[in-house]
Amino acid sequence: MKKWRYALLLMLLAFGVWSCVDPYEPNIITEARNYLVVEGSLSSGSPSLLRLSRTVGLADANAFVPERFAQVSIESEGGQVVYLTGDTNGSYTLPELDLNPQHRYRLRIQTITTGEYLSDYVTLIPTPPIDSITWIQNELGVQLFVNTHDPLDNTRYYYWEYEETWEVRAPYRAEFEYVEGIIVNREPIPPQKCWKQENSSEVIIGSSARLQRDVIQRQPLVFIPRTSWKLDQRYSILVKQHALSREAFEYFQQLKKNTEETGSFFDPLPVELRGNIYAVSNAEEPVIGFFSMGTVQEQRLYIGIAEIPRWGFRRACNITMVTPDSAYFYFGGGLQPLYRDDEGNFYGTNNTDCYDCSAKADPVKPDFWE
Amino acid sequence: MKIVLLLCFAWLALVSVYAQERQTRLLTANLKDAPFVQLVQEVEKQTGFYVYYAPAQTDSLLITARFTNSTLEAALERALINQGLEFAIDTVARTVYVTQGQKLYPHLPEGYFAPKRQQPGAQQQIVIDHFEGKANKSWIKKDKLYEIGRKTHTITPGMARLSGQIRNAHSGDLIIGATVQIDEPFTGAATDALGNYTLVLPKGRHTLKVRSVGMQPEEYQIILYSDGQLDIGLIDQIDQLKAVVIQANREANVVQTTMGTEKLDIRAIRKVPTVMGETDVLRVMLTLPGVKTVGEASTGFNVRGGSVDQNLILFNEATVYNPSHLFGFFSAINSDVIEGVELYKSSIPAQYGGRLSSVLKISPRWGNKKKVEGKAGIGLLTSRFTIEGPIFKDRTSFILGGRATYSNWVLRLLDNAEFRNSSGSFHDLNLNLTHEIDNKNSLYFTAYYSQDQFKLRSDTVWGYNNKNATLSWKRIFSNKLEGEFSGSFSRYNYGVNSESDPMRAFGLSFDINQINGKAGFIYSLNASHTLQFGLSAIHYKLKPGSFLPLGEQSEIVPDVLEPEQALEHALYLEDEFDVTSKLTLTLGLRYSFYHYLGPKSVISYASGLPKSENSMLDTVAYGAGTFINTYHGPEYRLSARYLLSPTLSIKASVNTLRQYIHMLSNTTAVSPTDTWKLSDPNIRPQFGQQVSLGLYKNFRTGIIETSLEGYYKKINDYLDYKGGAELIMNHAIEAEVINTEGKAYGAEFMVKKSSGKLNGWLSYTYSRTLLRMDDPNAGELINRGNWYPANHDKPHDVTLIGNYRFSHRFSVSLNCTYSTGRPITLPIGKYWFAGSERVLYADRNSYRIPDYFRTDIAMNIDGNHNLRQLTHNSWTIGVYNLTGRRNVYSTYFVSEGGAIKGYRLSIFGTVIPFINFNIRF
């Protein structure tokens, strides 16, 4: 009986050992991919920005490899050519330019390594203005929406980007500093008011194709969870609205589905991406991105702390009172002195965020901030 | 003693034939409207035979006949034809008896009447049914001549129909698929689902060969006078080790009209080594040409490029939705309660429909009607037990079988918290009952239940179960018409319960219910036409998903998908038409209808736009019982066989099929949480067409069978998925699927040696399955609208199954298989776009995982074969994956510190020994 049980055990152990996982690096993965990525669109009536980069191998730690020194131009069917100016970050810009809405334009990119790329000709799509940016607060946080409509019912497909900016406040003024065993006045006093900026990291698209009228109502933009620091003081969002062609819309829809998640074997199948930019010498070479052209509409919204009751963000500032004779023990152990009371006791904290906002944000007030 | 008797008979027969020649004189006469008396006078004068007759019956007759040097028999035959008179000749007493209505039998040696056809030494006896009582003395039959039909003095040229039923002489079970054939002219037939066969043969003397899987072959000497019946009892191969490994009926391979049919007997299945030594029906199917799977531990199989849901798996007419246990490690079919399996890959009989690729028919085994028997098997992780026997002797029998794993308690023994907190268990139960009401009516009942449950590390419990039951009634209306009426229900459901976080505890469940009704008839119209016709109906009810909070603390918002229901029904007619003895056609037509039924809300989409959230127009609610929409269409099932020689045939077939229920799965391996979806106004039924051509040749009297089949298949509205499709708990699932176009083609080659010390088969398959999505209005293009390989596209596949019997008690089996790795879609890079890092994928299915290769070996050791021993036992010891190759099951990619790394998972990535103990009593 004992033997029998032993055999069973052995077999079962084998059961667990049967399956095994080995590293898998087929040639295709170790080869660094080097496809061109084109992001951005050409705007009429406002400055344009195109960002060129390259795909990298999966194992590369650095995901953004800018494409430098390319010659990027816009050509109209009528033969007009406009060159963009590039920088070392792969950004190619064009100052404000009025494009002829009757003409079709295409993008030409002459790279220094992999040859020339051309896009299909695209037409300029005018973008209707943003009607409003609205938000609601519920127990989980604040959800922001964008609303728009096209009185001509022509636009139908939309793409949004946003820039969030919020004020960051460090609640305590750090007047002192502990330097080599003594407490001295801190110079300069660290900034207590900063601004943090973030760009959208999602592809936000919407369509009214199934509606009678071209109306977009309450298109979700961003959700701010209840405990987020974004709404601690004052928050602002700048929404940029672009009109898209149906093809461009479908392209971004597919791109959205291939999110940054990677495939495990229960994951859904990835999508084929095929934009409107091609390598001149090899039509089969993948090029990521979709060239489109239009006008941009912007709108900015502010939300103040007073508008959102019961916000859940709390900065953990535990203030410790330190009697002068304990200063060495506490401040020598990393506590930062902030201020002093009338009896000579110091008050200090461990959390930098409580007295210096520049650690996580920028103390320079943005130009637009009202 | 036997030989002496035979010699005596032979001598006697020879002597009497000689005597008859001498005594017979020939008759010459020319009668024109002559009275009967004149014929009598001519006979008595010329032959010396004395004629007895009743003047009252003959005085009004006028005979017109002319014969020159005719034998007495021929002369009388001609003269008395159409007069309503019978005659009998007694050569010993030299008399002739002429009677009206009833024929006299003078009981004379048969040879006198047909001396040329008669073989000396035959003992004659009028036997219609020898089955009762004499069945076990099989040797008698070889010397026995069976007279069939209404006996006549001379055998008029022409054809007659021989029909009958074949049973197991021991258990009384009907034998399906037994072949009955004669060599000259080469004609054969196989028994149908009721054990009935029908042959159309030239009248006269024949040697009838009867063969069936696992039964001793028999030969019968028959004389066929006119249409008649011969019931046959076959005896089991007493020595089971002699059983051949694959016993598709030898001649059937060449003779039958159906193509692409694989029939495996359970004994053949048992010989193939499988993981853990558990006999596995599905795994053995995978060794046959044209049958593949995406991986080792995956549910289901792919037939000729079809997807997993395109196989109709029938257990006694009831659909089995999930045929696997433990994520596909074991098949959910208990091998002890089944008789065998039949897989139709290309000619699908008209009585089946509703799936595109194949029909896998699992025939239940019926209990022994004579005595109670049992069987038990003990493996390392599973055990099984079967008991069978009569309820009312010879009429009613039962078989009850069950299997269970006992891995759970073993897991508890391990000193590893992770193991202890995991568990996986399954069990299944079968009950098969059969009752013979009388010799024309039988009832059959099967019930099946299987349950699986896993708890994987966390507090998440997965479970699924199959339930089904069938009741069927077979009735023989006449010897030309028989019918079968069956009703069944099938249910498959799964659930996932997660309680790891009380706030987010949920229960997810899916449920499918199906009720079938079917009436099928077989009608032997005449010598060359056998008709099968009938109708069937299926009612489906699906609960596509409910996602509910579990426990009071759970904050999950309940979500329940609306149930859906549909009715599928069909009419069919199939004619097996023997055009000539060499050419047989099977002409089948099935017409199927499908109604999607309310109550249900259906979303409508803007036409010309891909179905997506962005193109939804409206939602229409339909009331209960309304026909929301209907699909219907004909399905053609045509096949032809031409015999080039008795051992060489060529076959061709054309099949079309429609499928109204689809499994939705966008994961590579089928997982038990894949949902099923009915066709609706937004999801069209799948439509498949297949043409195939094959060449079949048998060598060494059928011991070696070879076949070569090629096929080309087209599938319309094959379901594939948009990238990133979410299929579980989706209220608008039609927006996630796309109807693609599929094509599959390939060639299958097989050599089979079915008996002898060394037996087994070698198969090679070349096959491609390609899909295309090129309609931009239907959704995003896949691979720019080019053809791309399907998930299960594995071009080359070689399988060798070999068995060598060293002695009656010891045999070794080997299983060797190689196939091309299946296609995968690989991430090939990453890039930064719209504020995030994103992964770049290669074209769908443009790369392949490494090729697959595996060798298994098993030894079967039997205890002694003494028939009187109370229990018989056997051991199976073997090794799975002998070479220990780490065959890749799946690959996956994870992000580690900013880099994305690839891993490959091998499920049986090592040498796995196993042992199994079986006992029979």
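How long, wide and thick is segment B:454-498, going by the Cα atoms along their three principal axes, in whole angstroms, largest first?
Here the Cα extents, ordered largest to smallest, are 62, 12, 10 Å.
Using alpha carbons only, what's the Rg to Rh ratio of the protein assembly as shown with Rh from Kirkwood?
1.12
Peptide B:785-791: average number of partner chain Cβ atoms within 10 Å per residue? Display every interim value, and only then the final one.
Values: counts 2, 1, 0, 1, 0, 0, 1.
Partner Cβ neighbours, averaged per residue: 1.
Give me, ordered by chain and number, the residues 5 or more places off B:Ile704 or on other chains with an amide H under 5 Å from its own placed amide H.
B:Phe699
Using the basic label-point model (7 angstrom from Cα toward the beta carbon), what is the A:Arg218 to B:Thr207 distance in nanometres?
8.8
Starting from the Kirkwood Rh over alpha-carbon pairs, what translational D in µm² s⁻¹ does segment B:603-731 have by Stokes-Einstein at 4 °C and 1.567 mPa s? Before the final figure, lay out the partial values.
Numbers: Rh = 18.9 Å.
The calculation lands on 68 µm²/s.
Which FRET efficiency value, to the nearest 0.05, do you get for B:Tyr766 and B:Phe853 by plugging their Cβ-Cβ distance into 1/(1 + (r/R0)^6) with R0 = 22 Å?
Calculated value: 0.80.
Roughly how far apart, in whole Å, are the Cα centres of segment A:50-127 and segment B:622-643?
After rounding, the separation between the Cα centres reads 55 Å.
Positive end of the charge dipole of segment B:595-717 (Lys, Arg +1 and Asp, Glu -1 on Cβ, about the Cα centre): tell me which of B:Leu695, B:Gly633, B:Asn716 has its Cα farthest that way.
Of the options given, the answer is B:Leu695.
In degrees from 0 to 90, rounded to the nearest 10, what is the angle of the helix A:246-257 Cα long axis to the longest principal axis of chain A?
40
Computed over the Cα atoms of segment B:782-892, what is the convex hull's projected area averaged over all directions, in nm²?
Orientation-averaged projected area of the Cα hull: 11.7 nm².
Going by C-beta contacts inside 10 Å, put B:Lys757, A:Lys240 in order with the fewest on the left.
By the 10 Å Cβ count, ascending: B:Lys757, A:Lys240.
Students often get this wrong, so check it: of B:Lys651/B:Lys752; B:Lys480/B:Lys518; A:Lys256/B:Lys677; B:Lys651/B:Lys714; B:Lys651/B:Lys713; B:Lys600/B:Lys677, which have C-alpha atoms separated by over 23 Å?
A:Lys256/B:Lys677
Around B:Ser331, what is the net charge, scoring Lys/Arg as +1 and Asp/Glu as -1 over all other residues with Cβ under 11 Å from its Cβ?
-1
Please arrange B:Phe49, A:Phe145, B:Phe627 by how many other C-beta atoms lie within 10 Å of their C-beta, fewest to most.
So the residues, fewest neighbours to most, are B:Phe627, A:Phe145, B:Phe49.
Along the charge dipole of segment B:713-777, which of B:Leu727, B:Leu771, B:Gly760 sits closest to the positive end, that is, farthest toward it, with unit charges on the beta carbon of Lys, Arg, Asp and Glu (+1, +1, -1, -1)?
B:Gly760
Tell me the Rg and the Dmax, in Å, that the Cα atoms of segment B:500-617 produce.
Expressed in Å, the Cα Rg and Dmax of segment B:500-617 come to 24.3, 76.
Rg and Dmax in Å for chain B, alpha carbons only: what are they?
Gyration radius and largest Cα-Cα distance of chain B: 33.0, 121 Å.
How would chain A be classified by its alpha-carbon gyration tensor: rounded, prolate or oblate, with rounded meaning a/c under 1.5 and the a/b versus b/c comparison settling the rest?
Judged from the Cα gyration tensor, chain A comes out oblate (a/c at least 1.5, b/c at or above a/b).
Which of B:Thr799, A:Tyr117, B:Gly785 sits closest to the plus end of the dipole of the protein assembly as shown, meaning its Cα is farthest towards the positive end, when Lys and Arg get +1 and Asp and Glu get -1 on the C-beta?
Of the options given, the answer is B:Thr799.
Determine, for B:Val281, B:Val579, the number of other Cβ atoms within 10 Å of each Cβ, and report the residues in order from fewest to most.
B:Val579, B:Val281
Of all the Cα-Cα pairs you can form in segment A:88-246, what percent are over 27 Å apart?
50
Please give the charge dipole size of segment B:711-856, origin at the Cα centre, charges +1 on K and R Cβ atoms and -1 on D and E Cβ atoms. Round to the nearest 20 debye. Could you put the intermediate results ahead of the total?
Numbers: 19 positive and 16 negative charges, 212 e Å.
In debye, rounded to 20, segment B:711-856 gives about 1020.
If I model a spin label as a point 7 Å beyond the Cα along the Cα-Cβ vector, how far apart are those points for B:Asp33 and A:Asn282 in nm?
Taking the simple label geometry, B:Asp33 and A:Asn282 are separated by 10.5 nm.
Label points 7 Å out from Cα along the Cβ direction at B:Ala527 and B:Thr701: separation in nm?
2.9
Which semi-axis lengths, in whole Å and largest first, follow from the square roots of five times the eigenvalues of the Cα gyration tensor of segment A:159-242? Show your work: numbers first, answer last.
Details: eigenvalues 397, 23, 17 Å².
One finds semi-axes of 45, 11, 9 Å for segment A:159-242.
Straight distance only, please: which lysines reach the Cα of B:Lys901 with their own Cα at less than 20 Å, same-chain residues fewer than 8 apart left out?
B:Lys830
Taking each full run of DSSP H in chain B as one helix, which ones are at least 27 Å long along their axis (Cα atoms) and have mean Kyte-Doolittle hydropathy of at least 0.5?
B:2-23
Along each principal axis of its Cα atoms, how long is segment B:712-756 end to end? Whole angstroms, biggest number first, please.
Principal-axis extents of the Cα atoms in segment B:712-756, largest first: 58, 23, 14 Å.
Report, in debye and to the nearest 20, how large the dipole of the protein assembly as shown comes out about its Cα centre when Lys and Arg carry +1 and Asp and Glu carry -1 on their Cβ.
6600
What's the average, rounded to a whole number, of partner chain beta-carbon atoms within 10 Å of each residue's beta-carbon in B:607-620? Could you put the intermediate results ahead of the total?
Numbers: counts 0, 0, 5, 4, 0, 5, 5, 13, 3, 3, 4, 1, 0, 0.
Across B:607-620, the average partner-chain Cβ count within 10 Å equals 3.
Roughly how big is segment A:127-180's charge dipole about its Cα centre, with Cβ charges of +1 (Lys, Arg) and -1 (Asp, Glu), in debye to the nearest 20?
Dipole magnitude for segment A:127-180 comes out near 220 debye.
Rule-based calculations on the coordinates, nothing more; no lab input. The structure presented is a predicted model; accordingly, all values stated were derived computationally and were not measured. So basically every Cβ, Gly included, is an ideal-geometry build from the backbone, and we count neighbours across all protein chains shown.
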